[in-house]
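Taking it in order: structure first as structure tokens, then the write-up.
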Amino acid sequence: MMWNWSFAWHILPTILHGMVITIEATILGMLLALVLGLFWAGLLLLPNRWIFWSTRGITEFIRDTPLLIQLFFCYYVLPEIGITIPALLTGITVLGINYSAYTAEVYRAGLQNIPRGQWDAAKALNFTTWQTFTRIILPQAIPPIVPAMGNNLIAMFKDTPLLSTITVMEMLDRAMIIGDKTFRYLEPLTMVGILFLIISLMASALIGFTQRKILVRR
Amino acid sequence: MNHKASIEFVNIHKSYQRTVVLENLNLTVAPGEHVVIIGPSGSGKSTILRLLMTLEKPDSGEILIEGESVWHTTRDGRNVDASPAHIRRMRGKVGMVFQHFNLFPHLRVLQNITEAPIRVMGMPRSQAVRRATDLLDRVGLADKAEAWPAELSGGQKQRVAIARALALQPRIMLFDEITSALDPEIAGQVLQLVLDLAKQTEMTMLFVTHQMRFARQIADRVLFFDRGRIIENGTPEQVLDHPQQPRTREFLNNVFQAS
Amino acid sequence: MLHMLPMMLRGALVTGEVTAGAIVVASVASSCAVAMRLSTLTALDWPARVYIELFRGTSALIQLFWAFYALPLVLPFRPSPIITAIVVLGLNGGAYGAEILRGAILSVPRGQHDAATALNFSATTKVFRVVLPQAWPLILPPMANLFIDMLKNSALAGLVQVTDITFNAQILQESTLRNAEVYGLALVIYFIMALVLAGFMRLLERRMKFPVGARI
């Protein structure tokens, strides 16, 4: 069985349609991860040991278990406790929560790189803690961590095919449906692979570019 | 020719990208001679040592050690690039001590010294250990054999580095600003060690240094080096006390004012 | 929940096999790839680059499905699911491992190379006695993370008929419909396995340590 170009052209629109959902899931998932990760990082800064260790425990558990099982768990258990949401939304939520454990680490590293003197100076100027955090610390901490966040974004993008296992019709799911129907897996799977490759290579190049930009500016 | 020179540089050119570091350099060093190279930083002094150690390759010209070309051999009457084996044989005649010591951080002091004799010369371990212990004794660090490099002070590290280079019994020793990274007091002790060493051995020695007092004590000959060229060449008295060139005078004035 | 345990533990054994096998494949693949990447020959550098970019640029699940569904159509034989999973997940991990190795090896300072040359070390002595021992402490922590990622990725094998934790959990879920228990148990088992692996790697790290000074 060799590569069939006309078949490949024929199925391209269906797969590209799936790409829209893939990208949607990535962007929304990342937004959730960025917000929730900052929340975890903030909790880790609080001077309460209980909060610190339970936050550590939660993020550690999330990072040490497979995303696939987390997806299955939420997909099957959420309806049992009365939450019925579309599979895509479940997928986005799980992706976001999963990656929040990683973005939290990135935030933490970024915050640790801010010298103590900045906190002291803000206190000396009588800023509130909230003001210090949002107006002094974060604006300094964010730019250096942009590349690391970008790498998380690419990693999440490459994890979206897992959503196909909970019936989300993203690229891989559509490719497999085509394969199951026509018994031709070579074209759809190869095309999905190439599309992923193109997008992640472009994204990596973009991150490299911003990284150089940030390095030049500092 | 009966009396072979220890080192010869013949028309050596070396540049990095567009910067010319050495320009048409000619230099001959006699066996057992102690030559000190001085000059402003960035003038290419260290490059001379790095070329001799085969850490860098010249763009053109010949480097000869004991009359034999380092980078070329003759085959069927023609000059061809030397084999890696030839280069390694030539490299074996030279030892080097670096500004930043470059000790191996993952090996203990004694292992730093025995590693090369065992792996390069194929010396039995027991013999290598005995020699390394002797050398450590000679540099005054007999009690540090089992220490890690990170546990030593800068001066101690440099002593170990000297012992490590000596362990291979080179015929030529290169000292590249070996006290630049040390406190003045410690530097004096390390230099004294080198002075003693120079008296006890027949080795040819090349130094790049900013220590003028040391240069005067150890040198048979001093070279003043500026912008890729030797512009003064003579005994310590000639070069340090009666420099002919305005650049040399200016440089020496600056150095003595600073110290 | 107790009656689920034997089947889940049998799955855990297979998960362990897949992970261990993939780690072996990844170690070999990343060593070869990094040796090729660091060689001065472009003819070696390029294939290694293509391998690394290909496996890092696409998703592990797509690679696995491709190898399971598409590849046998062009291959003269059909490898068993577990072999397919081990090779694909191993090659995937190897591509990331190669970048870890490369970064660590390139971070060994130039002075160390100079010293090795000045002491007339051969190329192999230099690599194995000077460069690699110093790269090790930098390699191990990210490698530990990679191995844990590979353990988690091994769950994908369950989707191509390897009878690991994931596969057995799916069967139990369909037969018992006790969703929370089945997948909760699966999560806990993976978590414990990850902790064991992490502990083992930390032990290895401690054994590889030597006191590192600022400037040696």
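Quick note: the coordinates plus some simple rules give every number you see, no bench work behind them. Quick caveat: nothing in here was measured; it's all calculated off a predicted structure. Backbone-built Cβ (ideal geometry, glycine too); neighbour counts: all protein chains shown.
Within the range B:91-134, what residues put their amide N at less than 15 Å from the label point 7 Å along the Cα-to-Cβ vector of residue B:151?
Residues B:105-112 qualify, since their backbone N sits under 15 Å from the label point.
Cut-off 10 angstrom, C-alpha nodes, Gaussian network model of chain C. Which of C:85, C:35, C:43 fluctuates the most?
C:43
Using only atoms on other chains, find how many Cβ atoms lie within 10 Å of each Cβ of peptide B:184-195 and report the average.
0
Stretched out fully, how many nm does the piece from residue B:216 to residue B:200 gain, at 0.36 nm a residue minus the Cα gap?
Details: separation 16, 0.36 × 16 = 5.76 nm, distance 1.80 nm.
Between residue B:216 and residue B:200, full extension yields an extra 4.0 nm.
Obtain the nm distance between the two label points defined at residue B:255 and residue B:41 by a simple spin-label model: each point lies 7 Å from its Cα along the Cα-to-C-beta direction.
Between residue B:255 and residue B:41, the label points sit 1.5 nm apart.
If one computes the Cα centroid of the range A:50-114 and of the range C:92-161, what distance in Å separates the two points?
That distance is 30 Å.
If all Cα-Cα distances of the protein assembly as shown are sorted into 20 Å bins from 0 onward, what percent lands in each bin, rounded to whole numbers?
Reading the bins upward from 0: 14, 37, 29, 17, 2, 0.
What is the gain in length, in nm to one decimal, between residue A:20 and residue A:116 on full extension, counting 0.36 nm per residue of separation less the C-alpha to C-alpha distance?
Result: 30.1 nm gained on full extension.
I need A:6, B:15 ordered by Cβ neighbour count within 10 Å, fewest first.
A:6, B:15
For chain B, what does the helix formula give at 222 nm: sum of -39500 (n - 2.57) over DSSP H segments with n ≥ 4, over the residue count, nearest 500 deg cm²/dmol?
It comes out at -10500 deg cm²/dmol, rounded to the nearest 500.
7 Å from Cα along Cα→Cβ at both residue B:23 and residue B:62: what's the point-to-point distance in nm?
Placing both labels 7 Å along Cα→Cβ, they lie 2.5 nm apart.
About the Cα centre of the range B:103-169, how large is the charge dipole given +1 on each Lys and Arg Cβ and -1 on each Asp and Glu Cβ? Please answer in debye to the nearest 20.
Working: 10 positive and 6 negative charges, 33 e Å.
Computed charge dipole of the range B:103-169: roughly 160 debye.
Note the angle between two axes, namely the Cα long axis of helix A:186-217 and the longest principal axis of the Cα atoms of chain A, as a number of degrees from 0 to 90, rounded to the nearest 10.
20
Please find, in a Gaussian network model of chain B (springs between Cα atoms separated by less than 10 Å), the residue of B:128, B:82, B:165 whose mean-square fluctuation is greatest.
The residue that fluctuates most here is B:82.
GNM, chain A, Cα, under 10 Å: largest mean-square fluctuation among A:85, A:145, A:207?
A:85
Relative to the Cα centre, what is the charge dipole magnitude of the protein assembly as shown, using +1 at the beta carbon of each Lys and Arg, -1 at the beta carbon of each Asp and Glu, and rounding to the nearest 20 debye?
With only Lys, Arg, Asp and Glu charged at Cβ, the dipole is about 640 debye.
If you take the beta carbon distance between residue B:143 and residue C:202 as r and set R0 to 22 Å, what does 1/(1 + (r/R0)^6) give as a FRET efficiency, to the nearest 0.05? Before the final figure, lay out the partial values.
On the way: r = 34 Å, r/R0 = 1.53.
It comes out at approximately 0.05.
Compute the distance in nm between two label points, each set 7 Å from the Cα along the Cα-to-Cβ direction, one at residue B:241 and one at residue C:13.
Roughly 9.0 nm, to one decimal.
So what's the convex hull volume per residue for the Cα atoms of the range C:2-208, in Å³?
Once divided by residue count, the hull of the range C:2-208 is 136 Å³.
I need the Debye-formula profile for the range A:1-159: one equal scatterer per C-alpha, no solvent, reported as log10 I(q)/I(0) at q = 0.12, 0.15, 0.18 1/Å, two decimals.
Reported log10 I(q)/I(0), two decimals: -0.66, -0.90, -1.12.
With +1 on each Lys and Arg Cβ and -1 on each Asp and Glu Cβ, and nothing else charged, work out how big the dipole of the range C:78-216 is about its Cα centre, in Debye to the nearest 20.
Details: 12 positive and 7 negative charges, 130 e Å.
For the range C:78-216, the charge dipole is close to 620 debye.
Could you pull out the chymotrypsin sites (Phe, Trp or Tyr not before Pro) across the range A:145-196 that fall in loop regions by DSSP (anything but H, G, I, E, B) with no more than 16 other Cβ atoms inside 10 Å?
Here the sparse-neighbourhood loop sites are A:183.
With each run of n ≥ 4 DSSP H residues scored as -39500 (n - 2.57), what mean residue ellipticity at 222 nm is computed for chain A after dividing by its residue count and rounding to the nearest 500 deg cm²/dmol?
Estimated from H runs of four or more residues: -27500 deg cm²/dmol.
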